[in-house]
Every structure is written in structure tokens, then in C-alpha cells.
Amino acid sequence: MICPHCQASLLLKERAGQVCATCERPFALDPKVHGRGMHDTRVRRIAEKLTDGGRRKVTVTQFGYLARTAHHTWPQTPQSGRRPWVGRVVGAVLAAGLVALAFLVADMPSAGLVWWGSAGAAVLLYVVARGRPYRPARRAGAHLSPSPGEFRTMICGRWVQVYGSLPPGIVDDLTYRAPREDGRGTDRRTGGEPRSETVVLLCPDPAVRVFLAANGFPRRLNLTFAAELQELSGTGPVVVLHDASASGLQLVADARASRPGQVVVDAGLPVRAVAGDRRVVTLHEEPPAHLRTEPPAWLRRMRERAPQDAAWLVEGWYSPVAAAPPALVESAVERAVDKARSASADEKDKAAAVGFMTWPRPSEPPAKDGN
């Protein structure tokens with residue numbers, strides 16, 4: 001690997017203990033220790049791109065998703081082949097039969113020919129009876145490398161130990177505390193006049209809430225945050241920011257059902273933008289049984305207009321909004337808040353029906369560099 005300090009090309013023996021043998025300075029990450037692609041130069045380059053040179057705050061969780069070096073998914077597969085005990089039983093029976101046959105034909109003139117012919121037939125019967133090798137059923141799943149936990153350990157542990165702090169613009173979403181802000185948010189388009197209406201942003205993902213808080217969204221857009229449906233209060237507009245998942249879409253449906261006549265804008269990560277796209281982070285969880293047995297109304301509608309997306313959700317796939325590029329999340333929230341705030345009383349039904357229209361199209365795939 002290349003030393004991030006002196007740019008010397010280091011063999012494994014020349015970087016023992018994660019210290020450069022040339023400049024004798026420590027570095028944080030070594031691909032041989034922390035996995036392919038995990039080295040200081042690459043991590044620092046991705047951090048600089050995501051944070052726009054430190055001007056944007058990005059959480060460790062978001063950083064980990066977008067600094068991934070490998071992402072694999074696999075579908076559910078049923079069991080196949082015959083179980084091992086079938087071959088063992090058939091083989092034992094055939095072997096015993098061959099031994100018995102050897103005694104029965106021992107005095108016959110053509111005993112050897114009969115026995116060898118029987119042995120060949122027994123082998124053929126054994127191969128047919130054993131069948132294909134047994135493969136147990138496998139659940140669908142996904143794997144990220146490094147995993148979110150592993151990446152957090154690298155960045156919040158080893159990186160901070162070597163450099164004294166996280167990369168510029170990166171904040172730890174587990175320890176971040178937003179500064180107290182006085183005064184109401186102002187609207188840049190109205191000459192700094194206070195916004196007339198507070199918008200509640202309902203977002204179950206704590207990393208995304210910290211990301212928005214660290215970048216001043218509560219003050220700039222006059223937002224308040226809610227992590228659960230029970231935290232919603234008042235009669236002002238609501239924006240729901242959620243994963244591309246069945247639980248996220250159900251949250252939107254529940255919010256609208258619990259607040260009839262109130263503006264509820266769906267700003268969630270659109271399923272159509274992530275389903276089947278190998279460039280985005282796709283994870284898996286066991287889906288609720290009722291999605292198959294008693295599908296909700298939103299799923300029935302989706303099956304009519306986008307059956308493949310509906311099947312993707314029913315199979316348990318989802319994509320976290322924290323894995324979306326931060327710039328896209330910012331833009332989606334700004335658009336959704338503007339749409340929610342500008343909805344008039346006679347346009348509430350129209351605003352409530354808006355779903356996924358607030359997300360801009362990405363101009364490039366998420367940061368991913370395996371070098």
C-alpha cells in the first residue's frame with residue numbers, strides 16, 4: 001500500500017504495527033488488517049467528496065454505507081437434492097446384497113462375471129438413489145463489507161486514535177448533540193421573514209435526523225423532528241422521510257390515516273429508484289406475514305402499477321435512506337418541505353397524494369472506490 005504521509009510504496013513487512021518504515025509515522029487503516037480498500041487515502045478522499053470539503057456534515061453511519069468496498073445479495077433458495085442419509089442407507093443395503101450374492105454364486109462357473117455385473121448395477125443404482133448433493137434451504141440475505149459495526153470501529157476507534165478526530169465534516173451520530181438554537185427559521189426567498197408554519201419531519205432513522213440537524217435544517221427550514229408516529233402533534237404539515245421499505249410505506253399510510261385532512265407528504269426513498277439497482281445498498285429483513293396474507297391498500301395499489309416493486313418489498317428487501325448520497329437527501333427534504341408548506345387548504349388531498357416526487361435523480365452512483 002501507499003503511505004498516506006510520505007507516499008512511499010510499502011510492503012507488508014514495511015508497515016508492521018501500521019507504522020510506515022520510511023517516515024515512521026502511524027496510519028489508521030491497513031487493507032491487510034481492515035479489509036480490501038480500507039486505507040487512509042481512499043477513506044479521506046471519500047469523506048472529502050461526501051462532505052464537500054468539510055462544508056457539509058455527514059454521519060458515520062452514512063459514511064460507512066457510502067465507503068463500502070463490497071456489497072452482495074442472494075435470493076431465497078429452497079432445499080434441493082436428497083439428504084445424506086438416503087445415500088448411506090442405499091449404499092449399506094447394496095453392499096450387504098453384494099456380500100450375500102458372493103456367497104450364493106461362489107460355486108458357479110461364472111461366479112466372477114455374475115458378481116462383477118451385479119456390482120456394476122449396484123453402483124449405478126446407488127448413484128441414481130443418492131441423486132444430487134443435498135443443499136439446505138437458504139434464506140435471502142445481503143452482506144456489506146465492511147459491516148456498519150466494523151466501519152464504526154475503524155473510524156471512531158483506530159482513526160481517532162491516530163489523527164485525534166474524525167475526518168473533517170464527519171460526525172458521530174451516536175454521540176452528536178445539536179447546539180441549541182434560538183429564534184425561528186427564516187425563509188431566504190422572503191427576505192429573511194420568519195416562516196409562518198412549522199413542518200414536522202417524521203423520520204425513524206436516527207442517523208438521518210442527526211445529519212439534518214448537524215446541517216442546520218431545523219433552523220433553516222423551521223423543522224421539528226419526530227422519530228415515531230406517536231410524537232406527531234399539532235395540525236401543521238408533516239413530511240415523512242423513510243427507507244425504501246414496506247415499513248416505510250406503511251408509516252406513510254398510518255400517518256395519513258391518523259391525521260385526516262392534514263398535509264402529509266411522502267418524501268421517502270422511492271422503491272422504483274432502488275429495486276434491482278446493483279449500485280445502491282440493498283439489505284434484507286424477514287417481511288411481516290400480513291404482507292402476503294392480508295396486503296394493505298398501498299401494497300395492492302403498487303401491485304397494479306408496479307408489480308415488480310411490490311414483489312421486491314414482499315420478499316423483504318429494503319434500502320436505507322441513510323445509504324443515499326447526502327446531497328440527494330438534502331435536496332429531497334428541501335423539496336418536500338416546500339411542497340408541504342405551500343399546500344393550501346383546498347390542495348391538501350393533492351399534496352397528500354404526492355409520493356416519491358420530491359427526490360431528484362442522482363447524477364452519479366454513490367461514492368465507491370475499491371482502489
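The values are calculated or read from the model by the stated rules, or taken from the named source; none is laboratory data. What you see is a predicted model; the values in this text were computed from it and never measured. With ideal geometry, Cβ positions are generated from the backbone for all residues, glycine too; neighbour counts draw on all protein chains shown. Accessible surface areas use protein heavy atoms only, side chains included; no ligands, DNA or RNA. Shrake-Rupley method; radii C 1.70, N 1.55, O 1.52, S 1.80 Å.
Pairs under 7 Å by beta carbon, first residue at positive phi in segment 200-229, partner surrounded by fewer than 22 Cβ atoms within 10 Å (Cβ to Cβ) and among the charged types (D, E, K, R), six or more apart or different chains?
222/184; 222/195
Applying the selection to segment 302-319, what residues are within 11 Å of residue 271 (Cα to Cα) and touching a strand residue (DSSP E or B) at 6+ places or on another chain (Cβ under 7 Å)?
317, 318, 319
Taking only pairs six or more apart or across chains, which ones have beta-carbon atoms under 9 Å, a first residue in segment 67-91 that is more than 21 Å from residue 314 (Cα to Cα), and a second residue that is open to solvent by less than 60 Å² (accessible area, probe 1.4 Å) and charged (D, E, K, R)?
67/42; 67/369; 69/42; 69/369
Give me a count of the residues in segment 243-252 that are open to solvent by 10 Å² or more (accessible area, probe 1.4 Å) and assigned to a strand (DSSP E or B).
Selection size over segment 243-252: 0.
Residue by residue through segment 11-24, note down the ones that are part of a loop (DSSP other than H, G, I, E, B) and either of a type in the set (Ser, Thr, Tyr) or at negative phi (or both).
11, 20, 21, 22, 23
Being within 21 Å of residue 30 (Cα to Cα) and of a type in the set (Lys, Arg) is the filter here; which residues of segment 50-75 pass it?
68
List pairs: first residue in segment 253-270 and surrounded by fewer than 24 Cβ atoms within 10 Å (Cβ to Cβ), second residue modelled with pLDDT under 90 and outside any loop (DSSP other than H, G, I, E, B) anywhere in the structure, Cβ distance under 7 angstrom, at least six positions apart or on different chains.
Correct list of pairs: 256/352; 261/348.
Looking only at helices (runs of 4 or more DSSP H) that fall completely inside segment 273-345, which ones have 2 or more residues that are open to solvent by less than 30 Å² (accessible area, probe 1.4 Å) and either of a type in the set (A, V, I, L, M, F, W, C) or within 18 Å of residue 70 (Cα to Cα) (or both)?
297-305, 307-314, 326-342
Enumerate the helices (runs of 4 or more DSSP H) found wholly within segment 25-107, keeping only those where 3 or more residues are of a type outside the set (A, V, I, L, M), open to solvent by less than 30 Å² (accessible area, probe 1.4 Å) and at pLDDT 85 or above.
Correct list: 60-66.
If residue 122 passes every condition in (1) surrounded by 15 or more Cβ atoms within 10 Å (Cβ to Cβ); (2) modelled with pLDDT under 90; (3) closer than 30 Å to residue 286 by Cα; (4) not charged (D, E, K, R) but one, which one does it miss?
Residue 122 satisfies all of (1) surrounded by 15 or more Cβ atoms within 10 Å (Cβ to Cβ); (2) modelled with pLDDT under 90; (3) closer than 30 Å to residue 286 by Cα; (4) not charged (D, E, K, R) except (3).
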